[in-house]
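The values are calculated or read from the model by the stated rules, or taken from the named source; none is laboratory data. From a predicted model like this one, the values you see are computed outputs, not experimental measurements. Glycine gets a Cβ as well: all are built from the backbone with ideal geometry, and neighbour counts include every protein chain shown.
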Amino acid sequence: MRICSLASVKAAITPSPPTDHDAVLTQILEDVSARMAHALNRELRRATYTEYFRTPCNFLSLRARPVVSVTSITYYDTALGSDLYSVNLEYGFVYFIDWVTNVETDRQLKVIYIGGYEYATGVGVESELLTATGDLHLVQIQGAVRKQTVFEYSRRKELGLTSVSMPSGSVGKVQPSMWLAEVLDVIAIEKRRALG
C-alpha cells in the first residue's frame, strides 16, 4: 500500500530522479507507508473491519478512521440496537448510551464496520490513498510520508546497509532510518486525535 503516489514523491525530489530509480523509490515509499500505518496504529485503506473489545466500556476507538458506517455491534452474539450507541464517523468513536454491563469479559463485544480511505485503482491509475475533500488529516499524513521517502531516497547510500556474502551469492538489506522531526510531529498529532 502506498499512502501517497510515486509521482508526488518524484515531484518533490530535485533534480528529478531518472526513471530507472522508480523501483528503488517504490520500495522505499511502500516501506515508509507501512511503517507510518504501524506507527499510527491504524488501518488506512478502506475495507470492512471486525474488531473485538473487552467490556465494560463507555466508548470505543476504532482503528480504521474515518468510519463510513457501522454494520453491527454484538455483545455475546446478540445485536445491539442503534439506539444504544452513537458513532462519530470522522474520529472513529462509538459512544454507548445508557448501556452498561457489570461483567468484564474478553473479546465479547464485536464491531463490524467499514472504515478507512478510498484507494485509487484501475488501469493507468497509480495506487495510492485518495484524499477526501477537506480531509486535512490524510493530507498531513501523505505529506509526512512524502518527506520521509524523499529523505530516505536522498540518503539511500548512507543508510545502514547490512549484507551477508556467501559462496552462492549475497543478501543485502537496508535498515529503515529514524523518523524526521516533522514526521514525528504528524504522528504525535494523529495519535492524540485518536484519543479524543
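Could we say that THR26 is surrounded by fewer than 18 Cβ atoms within 10 Å (Cβ to Cβ) and in contact with a strand residue (DSSP E or B) (Cβ under 8 Å, 6 or more places away or on another chain) here? Give the steps one after another, and end with the answer.
Numbers: surrounded by fewer than 18 Cβ atoms within 10 Å (Cβ to Cβ): yes; in contact with a strand residue (DSSP E or B) (Cβ under 8 Å, 6 or more places away or on another chain): no.
When the stated conditions are applied, THR26 does not pass them.
Go through the stretch 8-48 and give me each residue that's within 18 Å of GLY116 (Cβ to Cβ) and either of a type in the set (Ser, Thr, Tyr) or part of a loop (DSSP other than H, G, I, E, B) (or both).
Passing the criteria: SER33, ASN41, ARG42, GLU43, LEU44, ARG46, THR48.
Would it be correct to say that ILE187 is touching a strand residue (DSSP E or B) at 6+ places or on another chain (Cβ under 9 Å) and at pLDDT 90 or above? Lay out the reasoning, then the answer.
Working: touching a strand residue (DSSP E or B) at 6+ places or on another chain (Cβ under 9 Å): no; at pLDDT 90 or above: yes.
When the stated conditions are applied, ILE187 does not pass them.
When you scan the stretch 20-60, how many residues do you find that are at pLDDT 90 or above, over 27 Å from ARG156 (Cβ atoms) and touching a Leu at 6+ places or on another chain (Cβ under 8 Å)?
Number satisfying all stated conditions: 3.
What tally of residues in the stretch 31-54 results from selecting those that are more than 10 Å from the chain's Cα centre (by Cα) and within 21 Å of ALA188 (Cα to Cα)?
Selection size over the stretch 31-54: 2.
So, in the stretch 29-73, how many residues would count as being within 26 Å of GLN142 (Cα to Cα), outside the structural domain of LYS147 (by TED's automatic domain parsing), buried (at least 16 other Cβ atoms within 10 Å of the Cβ) and among the polar types (S, T, N, Q)?
Summing the residues that are within 26 Å of GLN142 (Cα to Cα), outside the structural domain of LYS147 (by TED's automatic domain parsing), buried (at least 16 other Cβ atoms within 10 Å of the Cβ) and among the polar types (S, T, N, Q) in the stretch 29-73 gives 1.
List pairs: first residue in the stretch 167-196 and at negative phi, second residue modelled with pLDDT under 75 and of a type outside the set (A, V, I, L, M) anywhere in the structure, Cβ distance under 6 angstrom, at least six positions apart or on different chains.
Between residues of the stretch 167-196 that are at negative phi and residues that are modelled with pLDDT under 75 and of a type outside the set (A, V, I, L, M), the close pairs are SER170/SER163; GLY172/SER163; LYS173/THR162; GLN175/GLY160.
Does LYS147 satisfy the criteria of being closer than 16 Å to PHE53 by Cα, basic (Lys, Arg) and at pLDDT 85 or above?
Details: closer than 16 Å to PHE53 by Cα: no; basic (Lys, Arg): yes; at pLDDT 85 or above: yes.
So LYS147 does not fit the description; no.
Quick one: which residue in VAL164, VAL171 is at pLDDT below 65, among the hydrophobic types (A, V, I, L, M, F, W, C) and assigned to a strand (DSSP E or B)? Step through it out loud before you land on a result.
Values: VAL171 fails: at pLDDT below 65.
Being at pLDDT below 65, among the hydrophobic types (A, V, I, L, M, F, W, C) and assigned to a strand (DSSP E or B) holds for just one of VAL164, VAL171, which is VAL164.
What single numbered condition from (1) in contact with a strand residue (DSSP E or B) (Cβ under 8 Å, 6 or more places away or on another chain); (2) surrounded by 13 or more Cβ atoms within 10 Å (Cβ to Cβ) fails to hold for TYR76?
With respect to (1) in contact with a strand residue (DSSP E or B) (Cβ under 8 Å, 6 or more places away or on another chain); (2) surrounded by 13 or more Cβ atoms within 10 Å (Cβ to Cβ), TYR76 is out only on (2).
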